[in-house]
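The values are calculated or read from the model by the stated rules, or taken from the named source; none is laboratory data. It should be emphasised that the depicted structure is a prediction, and the values quoted were computed from it without experimental measurement. We place every Cβ from the backbone using ideal geometry, glycine too, and count neighbours over all the protein chains shown.
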Amino acid sequence: MTPRIEDYALIGDLQTAALVGRNGSVDWLCLPRFDSGACFAALLGTEENGQWRIAPKGADVSDTCTRRAYAGDSLVLETWWETRTGTVKVIDFMPQRDKSPDVMRIIEGVSGTVDMSSVLRLRFDFGSVVPWVRRSHGHRVAVAGPDSVWLRSEPPVKTWGQQFSTCSAFAVSAGESVAFALTWHPSHSERPKLIDPHKALKHTLHDWAKWTEKCTYRGPHREAVIRSLITLKALTYAPTGGIVAALTTSLPEEIGGVRNWDYRFCWLRDATLTLGALLSAGYLDEAAAWRDWLLRAVAGDPADLQIMYGLAGERRLPEMELPWLPGYENSRPVRIGNAAVRQRQLDVYGEVIDALRLARDTGMDDKPHAWNLQLSLLGFLESSWREPDEGIWEIRGARRHFVHSKVMAWVAADRAVRSLEDDPSLPGDADRWRAMRDAVHAEVCEKGFDAERNTFTQSYGSRELDASTLLIVRTGFLPPDDPRVVGTVDAVRDELDGGGLVRRYSTEGESVDGLPGDEGSFIVCSFWLADALLHTGRRAEAEAMFERLLELRNDVGLLAEEYDIGARRQLGNFPQAFSHIGLVNTAVALAGEDAAG
């Protein structure tokens, strides 16, 4: 039986991360980076595609722990198993690495004596390669091609090989502990220096405590905000500052459907909202690292600006299918890479320029070349904004004149004008960008607004709606009390209702995205609705929406991409950065400036 998406918890080392189920199994881990091949891919297949389960002896794979929680404000997961003979606590974490990634699993006796079992099935390259396993200096070593993994325990426990798995059996009594360490390194290099699991635990707890102390948010639901910030930090690739959209690939937007995409990359559409979330909570270093990643990634010919990049700004992210994986609950195909990288999305120009404007407004040290880069992007957008594109949601249907894309073109010109007005020493023609801004505004209001229904539409000439139009009020395109803004908020809430949450757009009939099937309610869009309700003077409704969204989090505070109201379960890739960004930004907006420090 496949665990539900919300049955998983996250551990990570700021370069990659793993998902640990309530049944004690690590079912997803890519090594050594977020976008590397997975050595545990049971999440998208079966146990034979790789997993590592530690649980009481005899516990069925469907048996789950008694309870679990993170240790304070950290990414150290504590799981309790209560049995008829006693209680144990399993501590799972990944210390922030020196050179090599480690997965640490410490089993502590709480009461009585519990017989435990560990079954390690390593399968490199997304569950397709069974490694050769041997003993070396009392450790188990698994090697296949470029990958090598070492498994050791302290103290040593009884271990044997069985059906291409490494099995261990041991007993833990009150006050005792057994620690396992799994370490990856390139197979051509020497084994990395061993680290003490217990010392690593202390250092990891200290590192997270030191980091969370920086949070300046002091408003309501601070625990939820900090957990979302920790999740965003966990999805950050520390060497570059890039933030992946999610840890996983191919978790379905519809169970059994084909809307399964690889989210282990960095999207420009998230730029301004990500920066705002980090800055509002006092994380200036992380915000600067994200801004710097952004500048490096988009450098070059503005005509070649991509909608997403790799962790270090890589441009080639070819999409392919993995036929040997049956998919999560048989949701095929399983994909790696993302063909949407070649799409045209004009909104990303506005995202980049808006993010850089926000960085400047908040006093972040400006980069000498940043303004010239923005002028270059604007120059391209000036001649291109009238063209159709694939829009913010990366549709795989025909290009259209999406309203959100046009609004973000307006944002690009508007932020340029405001920057020139604030700092006349900057080079640039403010009148030129004002003219562009006015032209975009006039066209959107003429062609993207349905006067009969008093709402902005998904695209020019369409009657379909799109949740991205909720961002109109946030961008400043129109004042919040404008009847067209209020009408749009009401129309989106009513027509894109997903059981009290918000869908991105309609997938019924001849859907704009060109794909079969349906999807759940998009969680971040529901946060956008809460924001829009607040800005249009309906605080009570905004607070009610926010409270409902908090209830969608799993038991350790994590959110996926979407939610299925009917099945009462999370859908899509997990955990989703966009969902947690939405939580932070909405919490800060509801709390007001004082609570944000």
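Observations on the model:
- Residue that is farthest from Asp147 (Cα to Cα) [pool: residues in segment 57-107 that are of a type in the set (Phe, Trp, Tyr) and surrounded by 16 or more Cβ atoms within 10 Å (Cβ to Cβ)]: Trp81
- Checklist (1) within 26 Å of Ala18 (Cα to Cα); (2) crowded, with 16+ Cβ neighbours inside 10 Å; (3) among the hydrophobic types (A, V, I, L, M, F, W, C) applied to Met320, failing item: (2)
- Test: residue in segment 441-463 that is farther than 30 Å from Ser506 by Cβ, in contact with a helix residue (DSSP H, G or I) (Cβ under 8 Å, 6 or more places away or on another chain) and modelled with pLDDT of 95 or more: no
- So Val110, is it of a type in the set (A, V, I, L, M), under 15 Å from Gln162 (Cβ atoms) and surrounded by fewer than 21 Cβ atoms within 10 Å (Cβ to Cβ): no
- Contacts under 9 angstrom Cβ, first residue in segment 425-441 being without any contact (Cβ under 8 Å) to a residue 40 or more places away in the chain, partner surrounded by fewer than 14 Cβ atoms within 10 Å (Cβ to Cβ) and outside any loop (DSSP other than H, G, I, E, B), 6 or more apart: Ala430/Glu421
- In segment 346-382, of all residues being part of a loop (DSSP other than H, G, I, E, B) and modelled with pLDDT under 95, the one that is surrounded by the fewest Cβ atoms within 10 Å (Cβ to Cβ) corresponds to Pro368.
- With respect to (1) touching a helix residue (DSSP H, G or I) at 6+ places or on another chain (Cβ under 9 Å); (2) of a type in the set (A, V, I, L, M, F, W, C); (3) within 25 Å of Ala439 (Cβ to Cβ), the lone exception for Ala359 is condition (3).
- Whenever a residue of segment 300-313 is more than 18 Å from Gly350 (Cβ to Cβ), its partners that are polar (S, T, N, Q), lying with C-beta atoms within less than 7 angstrom and at least six residues away or across chains, give the pairs Leu311/Thr240; Ala312/Thr240.
- Selected residue (criterion: nearest to Thr507 (Cα to Cα)) from residues of segment 395-424 that are without any contact (Cβ under 8 Å) to a residue 24 or more places away in the chain and assigned to a helix (DSSP H, G or I): Val417
- The set of residues from segment 175-204 being crowded, with 18+ Cβ neighbours inside 10 Å and either charged (D, E, K, R) or under 15 Å from Gly72 (Cβ atoms) (or both) comprises Leu201, Thr204.
- Some residue of segment 233-254 being more than 13 Å from the chain's Cα centre (by Cα), farther than 23 Å from Asp35 by Cα and of a type in the set (A, V, I, L, M): no
- Whenever a residue of segment 146-162 is under 14 Å from Ser118 (Cα atoms), its partners that are of a type in the set (A, V, I, L, M) and surrounded by fewer than 19 Cβ atoms within 10 Å (Cβ to Cβ), lying with C-beta atoms within less than 6 angstrom and at least six residues away or across chains, give the pairs Lys158/Ala169.
- Hey, Asp482 loosely packed, with under 15 Cβ neighbours inside 10 Å and on the phi < 0 side of the Ramachandran plot or not: yes
- Residue list for segment 172-204, filter: assigned to a loop (DSSP other than H, G, I, E, B) and of a type in the set (Ser, Thr, Tyr): Ser187, Ser189
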